[in-house]
Amino acid sequence: MDLLFNHGNNGQDEIKATLGFLSADFTYKNLEPDIYLWTPDLIEVIGQSVYDRIVAFYNQGDNPSQTGVELATNQTILKFAQLYVLSMAYLAYAPDNDLIHGNDGRTMRSEEDQEKPYEWQINKSNSNIKKRAYKALDQLLLQLDAAGWSEWTESEQYTMAKSLYLKNTNQFDAVFVINKSGQLYYRLVPFMGDIEYDEVMPILGQEKFLDLRSKSNPTEEEKTLILLVKKAVAYKSLGKALKAFPVEMFPEGMVHTENTRMKSEARAEVMQFMNKEGSDYLIKLEYEFTKQSQTYEDIPLTNGLNEGSKFVDL
């Protein structure tokens with residue numbers, strides 16, 4: 001597998017340029033195994049074809065064939081891809097690097113002129129690095145959307161999203177604010193697909209479900225149904241994600257960094273709230289769809305009375 005680092009054996013300078021807080025003597029070769037381990041995670045999000053195109057650009061080195069806006073776009077995409085992979089690789093590497101691994105087992109490093117950080121400081125640093133990584137992934141996806149690479153628009157990730165009720169990050173953000181986080185949106189896509197088929201389609205029926213999903217000019221009544229579907233799917237998918245994903249993936253303020261039992265319990269409460277809201281919107285959807293689908297017959301309220309007659313026909 002080709003990597004986005006160490007072109008021309010320049011890995012040492014690249015990791016320092018990508019993560020500026022690393023010491024100048026930080027060794028690239030020590031990080032390389034974790035870079036290998038975390039590169040597939042990037043590929044899972046953006047697809048192999050997109051990754052291969054980024055690698056091809058990276059391997060051009062100082063003599064790229066692109067110019068102008070295209071060159072600037074490719075450089076930006078490469079930088080965000082490198083930042084994500086290296087941040088996650090460093091997080092995987094750092095805990096073991098904090099210790100000395102010798103024949104007598106593991107011991108703690110101790111330098112006379114350095115003080116070891118407290119656990120809360122390490123946790124805060126880890127959280128900040130994760131947030132930086134996910135923000136880089138958000139920006140990478142925004143750049144891919146704007147660039148319109150065919151490798152991206154024809155990818156499984158992109159086409160799967162286009163088949164949903166909530167077809168992109170902006171549409172999701174309009175229903176529930178996720179700070180336009182592309183990396184969170186695309187990780188929610190499988191959840192959203194399951195919820196649509198398992199919980200929404202049984203309410204609407206397959207024909208109506210597919211018809212509403214593909215509507216470009218819905219009626220006012222159809223708009224109401226579509227909005228209820230979107231809200232139910234958004235809340236339900238976030239409820240699933242809160243159980244599966246790291247807290248740093250979510251919008252600031254939605255959940256808290258989990259370093260206390262109380263904050264962990266708060267996350268569980270948010271998850272329960274999301275699931276309940278989603279279920280409530282499904283109930284509203286069923287009620288609204290039933291109301292719209294009913295046919296009414298006028299019931300004669302003056303049965304037996306004839307206009308112009310004083311008498312009741314019994």
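The values are calculated or read from the model by the stated rules, or taken from the named source; none is laboratory data. Just so you know, these numbers come straight off a predicted model, no measurement behind them. Cβ atoms come from the backbone with ideal geometry, glycine included; neighbour counts cover every protein chain shown. When the accessible area is computed, the model is the full protein with side chains, heavy atoms only, and any ligands, DNA or RNA have been set aside. Shrake-Rupley method; radii C 1.70, N 1.55, O 1.52, S 1.80 Å.
With respect to Leu164, is the statement that it is surrounded by 18 or more Cβ atoms within 10 Å (Cβ to Cβ), in contact with a helix residue (DSSP H, G or I) (Cβ under 8 Å, 6 or more places away or on another chain) and closer than 21 Å to Tyr84 by Cα true? Lay out the reasoning, then the answer.
Numbers: surrounded by 18 or more Cβ atoms within 10 Å (Cβ to Cβ): yes; in contact with a helix residue (DSSP H, G or I) (Cβ under 8 Å, 6 or more places away or on another chain): yes; closer than 21 Å to Tyr84 by Cα: no.
When the stated conditions are applied, Leu164 does not pass them.
What number of residues within the range 26-47 are assigned to a helix (DSSP H, G or I) and either closer than 14 Å to Leu144 by Cβ or aliphatic (A, V, I, L, M) (or both)?
Step one: list which residues in the range 26-47 are assigned to a helix (DSSP H, G or I), which gives 28-46.
Checking which are either closer than 14 Å to Leu144 by Cβ or aliphatic (A, V, I, L, M) (or both) leaves us with 31, 35, 37, 42-43, 45-46.
Number satisfying all stated conditions: 7.
Only residues that are exposed (fewer than 13 other Cβ atoms within 10 Å of the Cβ) and hydrophobic (A, V, I, L, M, F, W, C): list them for the range 30-70, please.
Ala56, Val69
Which residue out of Leu99, Leu31 is at pLDDT below 85 and aliphatic (A, V, I, L, M)? Spell out how you get there, then give the answer.
Working: Leu31 fails: at pLDDT below 85.
When all the criteria are applied, what remains is Leu99.
Can you say whether Tyr58 is touching an Asp or Glu at 6+ places or on another chain (Cβ under 9 Å) and at pLDDT 90 or above, as far as the supplied structure shows? Reasoning before the result, please.
Details: touching an Asp or Glu at 6+ places or on another chain (Cβ under 9 Å): yes; at pLDDT 90 or above: yes.
Criteria met by Tyr58.
For the range 167-174, state whether one or more residues are over 22 Å from Lys236 (Cα atoms) and not polar (S, T, N, Q). Walk me through it before giving the result.
Step one: filter the range 167-174 for residues over 22 Å from Lys236 (Cα atoms), giving none.
No - not one qualifying residue is present in the range 167-174.
So, of the residues in the range 1-25 that are part of a loop (DSSP other than H, G, I, E, B) and among the polar types (S, T, N, Q), which turns out to be farthest from Lys131 (Cα to Cα)? Reasoning before the result, please.
The initial filter retains those residues of the range 1-25 that are part of a loop (DSSP other than H, G, I, E, B), namely 1-6, 10, 19-25.
Checking the rest, the ones that are also among the polar types (S, T, N, Q) come to 6, 10, 23.
Working: Asn6: 25, Asn10: 26, Ser23: 21 Å.
Among them, the one singled out is Asn10.
For the range 173-193, which positions are part of a loop (DSSP other than H, G, I, E, B) and open to solvent by 20 Å² or more (accessible area, probe 1.4 Å)?
So in the range 173-193, the residues part of a loop (DSSP other than H, G, I, E, B) come out as 176-181.
Scanning the range 173-193 gives Phe176, Val177, Asn179, Lys180.
List, please: which pairs have Cβ atoms under 8 Å, are six or more places apart or on different chains, and start with a residue in the range 1-29 that is more than 18 Å from Thr39 (Cα to Cα) and without any contact (Cβ under 8 Å) to a residue 40 or more places away in the chain and end with one that is surrounded by fewer than 17 Cβ atoms within 10 Å (Cβ to Cβ) and among the charged types (D, E, K, R)?
Ala24/Lys16; Phe26/Lys16
When you scan the range 219-226, do you find a residue that is within 14 Å of Phe289 (Cβ to Cβ), buried (at least 17 other Cβ atoms within 10 Å of the Cβ) and either at pLDDT below 95 or of a type outside the set (Val, Ile, Thr) (or both), even just one?
Yes; the residues of the range 219-226 include at least one that is within 14 Å of Phe289 (Cβ to Cβ), buried (at least 17 other Cβ atoms within 10 Å of the Cβ) and either at pLDDT below 95 or of a type outside the set (Val, Ile, Thr) (or both).
Please enumerate the residues belonging to the range 122-168 that are under 22 Å from Glu199 (Cβ atoms) and part of a helix (DSSP H, G or I).
Here is the first cut: in the range 122-168, the ones under 22 Å from Glu199 (Cβ atoms) are 160-168.
The answer is Met160, Ala161, Lys162.
Would you point out which residue out of Lys240, Lys215 is closer than 24 Å to Ser127 by Cβ, modelled with pLDDT under 95 and open to solvent by 30 Å² or more (accessible area, probe 1.4 Å)? Explain how you work it out, then say what you get.
On the way: Lys215 fails: closer than 24 Å to Ser127 by Cβ.
Of the residues listed, the single one that is closer than 24 Å to Ser127 by Cβ, modelled with pLDDT under 95 and open to solvent by 30 Å² or more (accessible area, probe 1.4 Å) is Lys240.
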